[in-house]
Every structure is written in C-alpha cells, then in structure tokens.
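Remarks on the structure that follows.
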Amino acid sequence: MAEQPEFNVVAAEMVQISNSHASLAVQFERMQNMPVIAAENRILRAINEVRDQLSEQIHRVHSEINMYARLNNSRIIHENVPLFPLYGQDNQPVAHFPLTIAHLRGLDNNQINKLFQAFGLPLRDEELEIKRRSFGQYIGLITVL
C-alpha cells in the first residue's frame with residue numbers, strides 16, 4: 001500500500017505557517033514606526049494639507065472671478081460685445097463658452113445642455129429659448145435674450 005499523508009504533520013505545518021504569517025504581519029505593521037517611514041507619512045500629510053488649502057483658495061479666486069464676470073456681463077447691452085467667461089464647477093475655464101449674446105442666441109439644445117452641465121446647473125426639459133434665458137441670467141446678463 002502506498003504511503004498515506006500524515007494529517008497531524010500537515011496540521012502542525014499549517015499552524016507553523018499561520019504563526020509565521022502572523023509574525024510577518026506584526027513586523028510589517030511595525031515598519032511604519034521606522035523614522036524614515038514616519039517622516040514620510042508626516043511629509044505626505046503636510047503636502048495633502050497644502051494641496052487642500054491651495055484647492056480651496058483657487059476655488060475662492062474663481063468664485064470672485066465669476067462674480068466679477070457676472071457684474072461685467074450685467075452691463076452688456078449690445079449683442080456683439082464680448083462676454084466675460086466664467087469658470088465651471090471643476091474650477092476650469094468652460095469650453096465653448098459663448099463669446100457674445102449673439103453667439104448665445106445661436107446655441108442649439110445640445111450646446112446649451114453642455115454648458116449647464118459644465119456649471120453643475122440642473123438640466124430641465126424646457127424649451128430652448130427658456131434654457132438660453134436661464135443661462136444668460138446665470139452668467140449675469142440682464143439684457144433680454
């Protein structure tokens with residue numbers, strides 16, 4: 001008869017492997033206590049804090065720029081005077097922002113929907129003229145579209 005496995009030996013080896021894994025896990029956990037690793041973690045936290053503060057400041061600056069743009073847009077009464085563009089919800093200049101009131105009047109439904117999305121405005125199932133007017137008001141226009 002061929003040799004049979006010794007299950008008690010298999011069980012003992014499995015316990016030894018399990019204990020070795022547990023010991024390794026403890027040692028890996030302790031690596032974070034090494035001065036180099038601890039310093040690296042502090043540096044990463046500091047970098048993240050600076051990044052968050054910078055992001056917040058950029059958002060504030062863009063909000064102020066948008067306020068200024070809206071104020072200037074509110075003074076535009078001629079359809080071919082350039083509009084002041086606003087920053088989108090991602091703090092980036094919005095692609096295909098209408099150049100003038102005339103340009104805004106020429107936007108189709110798909111184009112106006114993309115602008116609504118860029119600014120995080122709710123998309124409603126409305127007539128195109130109403131969407132254009134709503135967007136015009138959002139960017140500060142007082143002139144009737």
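List of remarks:
- Given (1) surrounded by 10 or more Cβ atoms within 10 Å (Cβ to Cβ); (2) within 22 Å of L123 (Cα to Cα), number of the condition I77 does not satisfy: (2)
- Being part of a loop (DSSP other than H, G, I, E, B), at pLDDT 95 or above and aromatic (F, W, Y) is true of F84.
- Only one of R70, R30, R42 that is at pLDDT 95 or above and at negative phi: R70
- Considering the conditions (1) within 25 Å of E56 (Cβ to Cβ); (2) surrounded by 13 or more Cβ atoms within 10 Å (Cβ to Cβ); (3) at pLDDT 95 or above, I112 is excluded by exactly one of them, (1).
- For the stretch 103-131, taking the residues that are among the hydrophobic types (A, V, I, L, M, F, W, C) and outside any helix (DSSP H, G or I), the one that is farthest from F84 (Cα to Cα) is identified as L123.
- In the stretch 8-22, the residues that are aliphatic (A, V, I, L, M) never reach a residue that is surrounded by 10 or more Cβ atoms within 10 Å (Cβ to Cβ) with C-beta atoms less than 6 angstrom apart, at least six apart or across chains.
Residues are listed down the side, and each one gets a yes or a no for (1) in contact with a helix residue (DSSP H, G or I) (Cβ under 7 Å, 6 or more places away or on another chain); (2) free of Cβ contacts under 8 Å to residues at least 40 places away in the same chain; (3) within 20 Å of H96 (Cα to Cα):
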{"residue": "N33", "(1), (2), (3)": "no, yes, no"}
{"residue": "I43", "(1), (2), (3)": "no, yes, no"}
{"residue": "H59", "(1), (2), (3)": "no, yes, no"}
{"residue": "Y68", "(1), (2), (3)": "no, yes, yes"}
{"residue": "I76", "(1), (2), (3)": "yes, no, yes"}
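The values are calculated or read from the model by the stated rules, or taken from the named source; none is laboratory data. Predicted, not measured: the structure shown is a model, and the values here were computed from it. All Cβ positions, even for glycine, are placed from backbone atoms using ideal geometry, and neighbour counts span all protein chains on display.
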